[in-house]
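The values are calculated or read from the model by the stated rules, or taken from the named source; none is laboratory data. Keep in mind the model is a prediction, meaning the values are calculated, not measured. Cβ: placed from backbone, ideal geometry, glycine included. Neighbour counts: every protein chain shown. Calculation scope for accessible area: heavy atoms of the full protein, side chains included, ligands and nucleic acids excluded. Shrake-Rupley method; radii C 1.70, N 1.55, O 1.52, S 1.80 Å.
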Amino acid sequence: GPSDKKMLEWSRATQHAFFHNPNQSEKVNKKAIIAGKEMQAYIKDDLLPEVRAELAGDAPTRPVNDAVTRILAASDEIAASPQAAAMKMTPERMITNTQGLLVGSVETSSAAIVQAMKVIFDRPDVLAMAQKAAANNDNIMLSKIVWEALRFDPVNPWVVRVATQEATFKEGPNQVEVKIPKGAVVFIATRSAMHDEEAFAAPEVFDINRPQSEFTHLGWGYHRCLGDQVALVMVPEIIKQLLVLR
């Protein structure tokens with residue numbers, strides 16, 4: 001496969017263009033396009049043929065639960081069940097999904113892991129609770145701790161949006177009317193939103209029993225992260241492994 005250096009280049013270039021380029025710099029976008037084409041070529045010409053060979057028994061070395069193997073197993077070519085066939089995983093879709101594993105998992109996940117652990121380590125009582133959950137393999141408890149920790153230091157404290165139409169809303173205790181014109185660039189402060197007393201009771205208190213459906217770590221509604229189900233499992237699991245290291 002490609003070197004770690006090359007994969008990190010791909011990850012950074014695409015992350016920069018997709019999520020951190022509010023002014024739509026052509027230089028930034030060009031690097032992302034180049035990275036995307038290089039990824040597509042590698043996946044199409046090298047990775048997928050290699051996995052197919054392994055699945056056929058010609059080179060059985062990849063774990064059966066490897067992410068790319070599972071994507072390929074769900075394709076129309078290899079699908080063994082009606083449920084998998086119904087996914088209509090075309091070759092193009094397989095390439096896109098495999099790219100997404102890199103684009104959406106390295107930069108954001110590493111930030112989430114470090115920032116959550118910082119919040120946990122800054123609170124001795126929370127750290128003890130997290131270590132106990134990790135030692136007992138209590139994934140539900142640890143997940144609650146991790147996502148509440150990220151409420152204090154989210155990966156994306158704000159996101160950029162463009163108003164597609166004029167909007168009016170009221171804010172603050174005096175309900176001051178605010179108008180947003182069509183075409184305006186809006187910075188949505190997700191960190192501030194997760195500390196809004198109207199949405200979160202006692203927002204400065206570390207409370208693991210908050211409804212996690214109200215968190216905005218992974219976006220909301222139409223803008224929900226495409227890899228949300230991966231992130232919900234992966235981030236707490238990596239933190240668990242770090243907490244139980246001896």
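For Asp122, are the conditions met, namely being open to solvent by 50 Å² or more (accessible area, probe 1.4 Å) and modelled with pLDDT of 85 or more?
Details: open to solvent by 50 Å² or more (accessible area, probe 1.4 Å): yes; modelled with pLDDT of 85 or more: yes.
Yes: the conditions hold for Asp122.
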Checklist entry - Here are some residues: Ser143, Ser105. Which one is touching a residue at least 40 places away in the same chain (Cβ under 8 Å), in a helix (DSSP H, G or I) and under 28 Å from Leu226 (Cβ atoms)? => result Ser143
Checklist entry - What pairs can you find where one residue is in the range 156-173 and closer than 18 Å to Arg224 by Cα and among the aliphatic types (A, V, I, L, M), the other is open to solvent by 100 Å² or more (accessible area, probe 1.4 Å) and part of a loop (DSSP other than H, G, I, E, B), and their Cβ atoms are less than 8 Å apart, with a gap of 6+ or different chains? => result Ala163/Lys182
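Kindly provide the set of residues from the range 168-192 that are among the hydrophobic types (A, V, I, L, M, F, W, C) and open to solvent by 100 Å² or more (accessible area, probe 1.4 Å), ordered by number. Show your work before the answer.
Start the filter on the range 168-192 by keeping residues that are among the hydrophobic types (A, V, I, L, M, F, W, C), which leaves 169, 176, 178, 180, 184-189.
Scanning the range 168-192 gives a single hit, Phe187.
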Checklist entry - Which one is farthest from the chain's Cα centre (by Cα), of the residues in the range 151-166 that are open to solvent by 40 Å² or more (accessible area, probe 1.4 Å) and farther than 26 Å from Glu204 by Cα? => result Glu166
Next on the checklist: I'd like to verify a number: residues in the range 1-34 that are under 25 Å from Ala163 (Cα atoms) and not in a helix (DSSP H, G or I), how many?
Outcome noted: 6
Next on the checklist: Please verify whether Val205 is under 12 Å from the mean Cα position of the chain (by Cα) and open to solvent by 70 Å² or more (accessible area, probe 1.4 Å), treating the condition exactly as stated.
Outcome noted: no
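Tell me, which residue of the range 217-232 that is part of a loop (DSSP other than H, G, I, E, B) and either within 15 Å of Val146 (Cα to Cα) or open to solvent by 40 Å² or more (accessible area, probe 1.4 Å) (or both) is modelled with the highest pLDDT? So that I can check it myself, show each step before the final result.
Step one: filter the range 217-232 for residues part of a loop (DSSP other than H, G, I, E, B), giving 217-220, 224-227.
Checking the rest, the ones that are also either within 15 Å of Val146 (Cα to Cα) or open to solvent by 40 Å² or more (accessible area, probe 1.4 Å) (or both) come to 217-218, 220, 224-226.
Working: His217: 90, Leu218: 87, Trp220: 80, Arg224: 82, Cys225: 83, Leu226: 78.
Selected residue: His217.
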Checklist entry - Which residue out of Glu214, Glu197 is open to solvent by 90 Å² or more (accessible area, probe 1.4 Å) and not polar (S, T, N, Q)? => result Glu197
Item to check | Where Glu148 falls short, out of the listed (1) part of a loop (DSSP other than H, G, I, E, B); (2) under 21 Å from the mean Cα position of the chain (by Cα); (3) among the acidic types (Asp, Glu) | outcome: (1)
